[in-house]
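Here the structure is laid out as structure tokens; the discussion comes afterwards.
The numbers here are math on the coordinates, done by the rules we state, and not lab data. Note that this is a predicted model, so its numbers are computed, not measured. FYI the Cβ positions are ideal-geometry reconstructions off the backbone, even for glycines, and counts take in every protein chain you see.
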């Protein structure tokens, strides 16, 4: 298990800047996140870029770009009909002419100040950003006679991998090769690779020793299992037998947070489930998602720090948050408090 609870910057510091932009990732690093999380999709020419979905109508200015009006189309993505603009229909050089927009401006109006100013980053650019910040930190530490700083981790998610494989754009080898070029390799390589599907994680397990994370929705089933006619659901994956199966290829699960602590009928945090203990018994870490500071996402009666304290007390090993600064503060305060209680 991890030496300490890790703070994962969900799509960067997406509570403070439009998600999946270099500004968002840089802000997360500055706020002390242990890992930054890029969701990855593919361009038509096979480049990994960071977007929450391959449909980009809601997170870029593409809808207002007349030259791309003809690219608007309807596709079936993971069994759901979606209309919009899709990254796989664009070359990288075309995507680079677009500009990012805040995905939920009604909840995060301050982030709209950056609308139209930021590019869609490639995975290569994100890793180059991390490498540059790390080098600056090492230089500064040497100048001050301080110990070398901790490396910055990355936590990429493959989005809709079956869909992209079906288009002749498999993601797995490209992802591993890109990470290895930047030094991310081995079981201690400061990278987690995650997916809601199972098959591509099993492919990745044969390509890399980096730890893998099986993401778990609160309901439904992994799309690759649905597509293949496999009747197993996410709930089946969380049975003792299911967790043993996950442990064959992954080091961790990333469950919806309601699977760790559900909410009661009034929207308050209820009694924790046995999921964390069950996962630890199977040798799996637990990194639930997603913790956000806006009241629309919070349980009744607590702020984000209070919600995180409740989950930390259950024994989670890490968590995804849109506000990394709050996450780091809550994690550190809980760690100090736990150490003081042990000392007494």
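Given axes a ≥ b ≥ c from the Cα gyration tensor, I'd like to know whether the stretch 169-236 is rounded (a/c under 1.5), prolate (a/b larger than b/c) or oblate.
prolate
Please list, in order, the residues from the stretch 116-153 whose amide nitrogen is less than 20 Å from a point placed 7 Å along the Cα→Cβ vector of residue 177.
122-128
Once fully extended, how much extra length lies between residue 4 and residue 91, figured as 0.36 nm per residue of separation less the alpha-carbon to alpha-carbon distance?
Length gained between residue 4 and residue 91: 27.2 nm.
Would you mind classifying the stretch 122-161 by shape? Square roots of the alpha carbon gyration tensor eigenvalues, ordered a ≥ b ≥ c; an a/c under 1.5 is rounded, otherwise it is prolate if a/b is larger than b/c and oblate if not. Intermediate values should be presented prior to the final figure.
Details: a/c = 8.38, a/b = 2.72, b/c = 3.08.
Oblate shape, in that a/c is at least 1.5 and b/c is the bigger or equal ratio.
Would you compute, for the Cα atoms of the chain, the largest minus smallest coordinate along each principal axis and list the three values in descending order, in whole Å?
67, 57, 43
Which Rg and Dmax, in Å, describe the Cα atoms of the stretch 1-128?
15.1, 52
Please give the peptides 128-140, 44-56 ranked by average Cβ packing (other Cβ atoms within 10 Å per residue), highest first, as a rough proxy for protection.
So the order, starting with the most tightly packed, is 44-56, 128-140.
Helix-only mean residue ellipticity at 222 nm, the chain, DSSP H runs n ≥ 4 weighted -39,500 (n - 2.57), per residue, nearest 500. What is it?
Mean residue ellipticity at 222 nm (helix-derived): -10000 deg cm²/dmol.
Between residue 45 and residue 294, what length comes free when the chain is fully extended (0.36 nm per residue of separation minus the Cα-Cα distance, one decimal in nm)?
85.9 nm
Would you please put 219-226, 289-296, 34-41 in order of how densely packed they are, using the mean number of other Cβ atoms within 10 angstrom per residue and starting with the highest?
34-41, 219-226, 289-296
What is the chain's relative contact order, in percent, from Cα pairs under 8 angstrom and six or more apart in sequence?
Normalised by residue count, the contact order of the chain is 18 percent.
Once fully extended, how much extra length lies between residue 271 and residue 82, figured as 0.36 nm per residue of separation less the alpha-carbon to alpha-carbon distance?
My answer for the length gained is 64.3 nm.
Obtain the nm distance between the two label points defined at residue 303 and residue 280 by a simple spin-label model: each point lies 7 Å from its Cα along the Cα-to-C-beta direction.
Label-label distance for residue 303 and residue 280, simple model: 2.9 nm.
What is the Cα convex hull volume of the stretch 215-344 when expressed per residue in Å³?
Once divided by residue count, the hull of the stretch 215-344 is 128 Å³.
With a 10 Å cut-off between alpha carbons and a GNM built on the chain, which of 156, 272, 105 moves the most?
Comparing 156, 272, 105 in the GNM, the peak value goes to 105.
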